[in-house]
Amino acid sequence: MLNKKRVMDKREKYITRNNCRLSLRFRAIIDNKFVVYLLPLILLFGGCVSERIEYEESNVTVYISLNIPGYSIKSRAMSSSNESRIDYNNIHVLVFEETGHNEVFRYKATVTSFEPPDITLKVPISNAQERFRFVVVANAEVPHIDNGTPKDVALNHLVFDCVGKWNTANVNPAFIPMWGEYGKLLEIKKNTSINVQVHRALARVDVGVLFKFNNPDPVTGEEYPDKETDKESVRGLKNFKIKDIRVYRTVNKAYVTSTANKMVDNQVFEPHIPYNAKYNSDSETNYEALEDANRFPLIYTLPSGSDSYIREIYIPESLPAGVNVSSGNVPCLVIGGYYGEGNNTHVTYYRADFGTYINGNLTDYRVLLRNHRYVFDICKVRGPGFENPEQALNSIVSDMVLDMKEWNEVPLNNIIHGNYYFSIDSREVILNARPTDGMTVISDTIFYKTNLTLDPVFNPFTYKWISSGSTSNDNFDIIFDYTEKAIIVKALNENVGIGALPLSDRLEIIVENYLFTIDVKQNVIPAD
């Protein structure tokens, strides 16, 4: 890996007033070993105008940490590396410029030179106050987009096919389309480090018999000690094995991205589906009529009876059912299996819905959302199911007791790599103008959650203030409380008096290989 000093030395060679360059380095950390992959990405902003440059360096570097969701496993149909894999020949950075209250498309990434792990680009740097947003698109083709196209219109050009079953083979699996956006508009003025959270454009469906994370040991009653990190191991039942799974009423097209009106704080809450999407089928034929779709679901068949079916089913967001939601029009599964100890020949069928189950009873239906994982936990099977899938599809109740768990694989302020996670409850600190109130220090505390082993000696946080580029700061101090899992920020000086302005800075903190930022502000109180 190229060390940072060598990169800086190399950058200095390119400092010219007429040849401005921007180097982007994407670090994709995708497994439980936190191996760092440097993904080359590119931005072409056009030519520089030398007489407008007012910077000491004309070569500005932006480091973008690309965070990809995924869990590590031992042996599945689609490994975690494949599930989170990116086709380096099919990754793009789209650049949108702020124009009033809107954002419009300006440029698509173009390579000018490539020396792994760096890609260097010619970019225009002006003294104007342009602000840009970076949108990352991976594993999906980007068609021509006219300059000036509004952002929501431009992103709606990005559609991909979901015909038949998604290919999860160990050899040459299909890349899952992904996208992510930097959350803020950015002025290109100096070397900058940012991180972009990537979302898969498909939902994942897992089916298992007595998931350990969701069920205590049936003999001892003890909770599974790894329930927070292992969401795939199952206990199994003596009287039931899974043989096949049918997925009904999925669609054949999907958008690579979502839209702002369907997201809150980087989380999708409503499906975003192309207007011309039709029902998908196992034979790769598309259907408009629900009756036809019901006759040709996606069919996943296991070679023999099994206790789980993990990382095999990837489907796009569901059609919104609207006010007329019913069992007759929502997506669902029909699970075929062997009921009874010793039975390995006679398959019967049970319906399973994307919904909320209370004491085994379905109480409502849920829509299917991108980047979410839906886990169907078969908790108990009291008797044989229906004799054919059609009967199960049209049923209301069965002798299978289910629980379904749903979660976004990348929650707000959360980074998951392999079996490890780290999250903070806020990215902003606002301090009082007076740092003390009598003998009490006025500070603000951000709490974090993680299953990483962090400590001040062997695995500490590293950090720097943007203003100084180091750990020193004249206005603020930071303390890491590893016992309470807290980050404490406090003001060092009063910010009171005539002419005083709010003080602010940005803190960059690195845990393992994940970089995140906290904005710190100290209010001002005029002199008495």
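The values are calculated or read from the model by the stated rules, or taken from the named source; none is laboratory data. In this text the structure is predicted, and so the values were computed from the model without any measurement. Methodologically, a virtual Cβ is constructed for each residue, glycine included, from the backbone with ideal geometry; neighbour enumeration extends over all protein chains shown.
Okay, residues lined up against (1) more than 30 Å from VAL347 (Cα to Cα); (2) of a type in the set (Gly, Ala, Ser); (3) at pLDDT below 80:
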site	(1), (2), (3)
ASN361	no, no, no
LYS380	no, no, no
ASN394	no, no, no
HIS417	yes, no, yes
ILE424	yes, no, yes
ALA433	yes, yes, no
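When you look at ASN388, is it surrounded by fewer than 19 Cβ atoms within 10 Å (Cβ to Cβ), in the same structural domain as SER326 (by TED's automatic domain parsing), within 20 Å of TYR300 (Cα to Cα) and among the polar types (S, T, N, Q), yes or no? Spell out how you get there, then give the answer.
Working: surrounded by fewer than 19 Cβ atoms within 10 Å (Cβ to Cβ): yes; in the same structural domain as SER326 (by TED's automatic domain parsing): yes; within 20 Å of TYR300 (Cα to Cα): yes; among the polar types (S, T, N, Q): yes.
The answer is yes for ASN388.
Go through TYR287, TYR255 for me and flag whichever is more than 24 Å from the chain's Cα centre (by Cα) and hydroxyl-bearing (Ser, Thr, Tyr).
Details: TYR255 fails: more than 24 Å from the chain's Cα centre (by Cα).
The conditions single out TYR287.
In the stretch 301-328, how many are outside any loop (DSSP other than H, G, I, E, B) and within 26 Å of the chain's Cα centre (by Cα)?
At the first step, the residues of the stretch 301-328 found to be outside any loop (DSSP other than H, G, I, E, B) are 301-306, 308-315, 322-324.
From what is left, the residues that are within 26 Å of the chain's Cα centre (by Cα) are 308-315.
Counting residues in the stretch 301-328 that are outside any loop (DSSP other than H, G, I, E, B) and within 26 Å of the chain's Cα centre (by Cα) gives 8.
Keeping to the stretch 486-524, report how many residues are modelled with pLDDT of 80 or more, more than 21 Å from TYR182 (Cβ to Cβ) and not β-branched (Val, Ile, Thr).
Count: 12.
With respect to GLU232, determine if the residue is exposed (fewer than 14 other Cβ atoms within 10 Å of the Cβ) and either in the same structural domain as VAL334 (by TED's automatic domain parsing) or not in a loop (DSSP other than H, G, I, E, B) (or both). So that I can check it myself, show each step before the final result.
Values: exposed (fewer than 14 other Cβ atoms within 10 Å of the Cβ): no; either in the same structural domain as VAL334 (by TED's automatic domain parsing) or not in a loop (DSSP other than H, G, I, E, B) (or both): yes.
Spelling it out, it is not the case that GLU232 is exposed (fewer than 14 other Cβ atoms within 10 Å of the Cβ) and either in the same structural domain as VAL334 (by TED's automatic domain parsing) or not in a loop (DSSP other than H, G, I, E, B) (or both).
Going by the conditions given, is ASN214 in contact (Cβ under 8 Å) with a residue 60 or more places away in the chain, touching a Lys or Arg at 6+ places or on another chain (Cβ under 8 Å), over 30 Å from LEU155 (Cα atoms) and not hydrophobic (A, V, I, L, M, F, W, C)? Reasoning before the result, please.
Numbers: in contact (Cβ under 8 Å) with a residue 60 or more places away in the chain: yes; touching a Lys or Arg at 6+ places or on another chain (Cβ under 8 Å): yes; over 30 Å from LEU155 (Cα atoms): yes; not hydrophobic (A, V, I, L, M, F, W, C): yes.
It is true that ASN214 is in contact (Cβ under 8 Å) with a residue 60 or more places away in the chain, touching a Lys or Arg at 6+ places or on another chain (Cβ under 8 Å), over 30 Å from LEU155 (Cα atoms) and not hydrophobic (A, V, I, L, M, F, W, C).
Could you pull out the residue among ILE188, ILE245, ILE176 that is touching a residue at least 24 places away in the same chain (Cβ under 8 Å), surrounded by 22 or more Cβ atoms within 10 Å (Cβ to Cβ) and in a loop (DSSP other than H, G, I, E, B)?
Details: ILE188 fails: surrounded by 22 or more Cβ atoms within 10 Å (Cβ to Cβ); ILE245 fails: in a loop (DSSP other than H, G, I, E, B).
Just one listed residue meets the conditions, ILE176.
Which of the residues that make up the stretch 191-216 are in contact with a Cys (Cβ under 8 Å, 6 or more places away or on another chain) and either at pLDDT below 75 or crowded, with 23+ Cβ neighbours inside 10 Å (or both)?
LEU202
Anything in the stretch 141-173 that is over 21 Å from TYR279 (Cα atoms), part of a loop (DSSP other than H, G, I, E, B) and without any contact (Cβ under 8 Å) to a residue 40 or more places away in the chain? List them, or say none. Write out each step before concluding.
Step one: list which residues in the stretch 141-173 are over 21 Å from TYR279 (Cα atoms), which gives 141-155, 169-173.
Now restrict to residues that are part of a loop (DSSP other than H, G, I, E, B): 141-149, 169-173.
Within the stretch 141-173, PRO143, HIS144, VAL171, ASN172 meet the criteria.
Which one of these does VAL496 not meet: (1) over 24 Å from LYS449 (Cβ atoms); (2) buried (at least 17 other Cβ atoms within 10 Å of the Cβ)?
(2)
Can you say whether THR285 is part of a loop (DSSP other than H, G, I, E, B) and more than 16 Å from GLU406 (Cα to Cα), as far as the supplied structure shows? Break it down stepwise before answering.
Details: part of a loop (DSSP other than H, G, I, E, B): yes; more than 16 Å from GLU406 (Cα to Cα): yes.
For THR285, the condition - part of a loop (DSSP other than H, G, I, E, B) and more than 16 Å from GLU406 (Cα to Cα) - is met.
Looking at this structure, is VAL219 modelled with pLDDT under 95 and either under 27 Å from the mean Cα position of the chain (by Cα) or assigned to a loop (DSSP other than H, G, I, E, B) (or both)?
yes
Which residues, taken from the stretch 286-306, are within 11 Å of VAL251 (Cα to Cα) and hydroxyl-bearing (Ser, Thr, Tyr)?
TYR287
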